[in-house]
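Encoded as structure tokens, the structure appears first; notes follow it.
The values are calculated or read from the model by the stated rules, or taken from the named source; none is laboratory data. Not measured: the values here are computed from a predicted model. No Cβ is skipped: glycine too gets one built from the backbone with ideal geometry, and neighbour counts run over all protein chains shown.
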């Protein structure tokens, strides 16, 4: 339903066309250790709750906390920022770029800087870009000024968390980098629609989507029977977003087949690993 409306909006000229580029990012080292601990805890809690009969997931605090910690770990995967810097270094025109960050903090114990702060500082220091945060910490007047400066090109990059999902359109955005993405289809489709708003200086948009997967080559135990189903569910949700975004892209079907050549990782290989080729 969502994509039918989007395709109609593109064909009618209400939204611009776009290219979709998925990037495979793997958790590494200490991230994988914490990831497996959280995955095992989630599995135990789910098994325990299912044995207790009907229960409401949203009201289970322990399970919600474990799921949130794992989601934030995925959102702040260390490799994402390294890849983001590399992508910006490759761009000739880096203005009017929007970066969606995780709402968590960096580090496996979330004891580091806010993800949005670290992203902002690295883009400034390593790429020499004019970057500003667009978060809940900025008041309404500051946000309006940020959007005006961004449209004028005085700010090259805006880094944000979720406040741009709250009905705020940034039509000047030409390139978007989704370091962290919601698993809610309605929310991520709405986010895409905001990126595709028409603007006089924009012929099309480019969406870079960072898809996080566990490092199963270094940790084959994740493919054991007791963990495989949990991992398969997580990967399926990620790939559902990839499929949704790829369907209306200019570069479909290539978008959901090969991924980014420089990553050395194929979405097809991920699908094959988790038996999702026909999913």
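If residue 194 satisfies every condition in (1) out of contact with any helix residue (DSSP H, G or I) (no Cβ under 8 Å at 6 or more places or on another chain); (2) more than 17 Å from residue 242 (Cβ to Cβ) but one, which is the exception? Among (1) out of contact with any helix residue (DSSP H, G or I) (no Cβ under 8 Å at 6 or more places or on another chain); (2) more than 17 Å from residue 242 (Cβ to Cβ), the lone unmet condition for residue 194 is (1). Taken together, the residues in segment 153-174 that are under 21 Å from the mean Cα position of the chain (by Cα) and in a loop (DSSP other than H, G, I, E, B) amount to 12. When the residues of segment 62-71 are filtered to those that are touching a helix residue (DSSP H, G or I) at 6+ places or on another chain (Cβ under 9 Å) and surrounded by fewer than 17 Cβ atoms within 10 Å (Cβ to Cβ), the one that is farthest from residue 170 (Cα to Cα) is 62.
The combined condition, being over 30 Å from residue 172 (Cα atoms), at pLDDT 80 or above and crowded, with 16+ Cβ neighbours inside 10 Å, is not fulfilled by residue 6. Name the single residue that is surrounded by the fewest Cβ atoms within 10 Å (Cβ to Cβ) among those in segment 127-152 being at pLDDT below 95 and part of a loop (DSSP other than H, G, I, E, B). Selected residue: 139.
Restricting segment 94-117 to residues that are at pLDDT 90 or above and surrounded by fewer than 19 Cβ atoms within 10 Å (Cβ to Cβ), the residue that is nearest to residue 151 (Cα to Cα) is 95.
Of the residues making up segment 192-205, those that are under 28 Å from residue 79 (Cα atoms) and surrounded by fewer than 20 Cβ atoms within 10 Å (Cβ to Cβ) are 193, 194, 204. Scanning segment 72-84 for residues that are part of a helix (DSSP H, G or I), farther than 14 Å from residue 175 by Cα and either in contact with a helix residue (DSSP H, G or I) (Cβ under 7 Å, 6 or more places away or on another chain) or in contact (Cβ under 8 Å) with a residue 12 or more places away in the chain (or both) yields 72, 73, 74, 75, 78, 79, 80, 81, 83. Of all residue pairs spaced 6 or more apart or on separate chains, those with beta-carbon atoms under 7 Å, a first member in segment 15-33 that is assigned to a helix (DSSP H, G or I) and a second member that is crowded, with 19+ Cβ neighbours inside 10 Å are 30/108; 31/73; 31/77; 31/108; 32/214. Scanning segment 153-165 for residues that are under 24 Å from residue 203 (Cβ atoms) and surrounded by fewer than 19 Cβ atoms within 10 Å (Cβ to Cβ) turns up 153, 154.
Rundown of residues vs (1) within 20 Å of the chain's Cα centre (by Cα); (2) within 27 Å of residue 161 (Cα to Cα); (3) at pLDDT 75 or above, yes/no style:
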{"position": "37", "(1), (2), (3)": "no, yes, yes"}
{"position": "43", "(1), (2), (3)": "no, no, yes"}
{"position": "47", "(1), (2), (3)": "no, no, yes"}
{"position": "52", "(1), (2), (3)": "no, no, no"}
{"position": "56", "(1), (2), (3)": "no, no, no"}
{"position": "59", "(1), (2), (3)": "no, yes, no"}
{"position": "75", "(1), (2), (3)": "yes, yes, yes"}
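Under the condition of being in a loop (DSSP other than H, G, I, E, B), at pLDDT 55 or above and either crowded, with 19+ Cβ neighbours inside 10 Å or in contact with a strand residue (DSSP E or B) (Cβ under 7 Å, 6 or more places away or on another chain) (or both), the residues counted in segment 230-266 number 5. For the structure I just gave you, tell me whether residue 168 is surrounded by fewer than 19 Cβ atoms within 10 Å (Cβ to Cβ) and either in contact with a strand residue (DSSP E or B) (Cβ under 9 Å, 6 or more places away or on another chain) or modelled with pLDDT of 85 or more (or both). It is true that residue 168 is surrounded by fewer than 19 Cβ atoms within 10 Å (Cβ to Cβ) and either in contact with a strand residue (DSSP E or B) (Cβ under 9 Å, 6 or more places away or on another chain) or modelled with pLDDT of 85 or more (or both).
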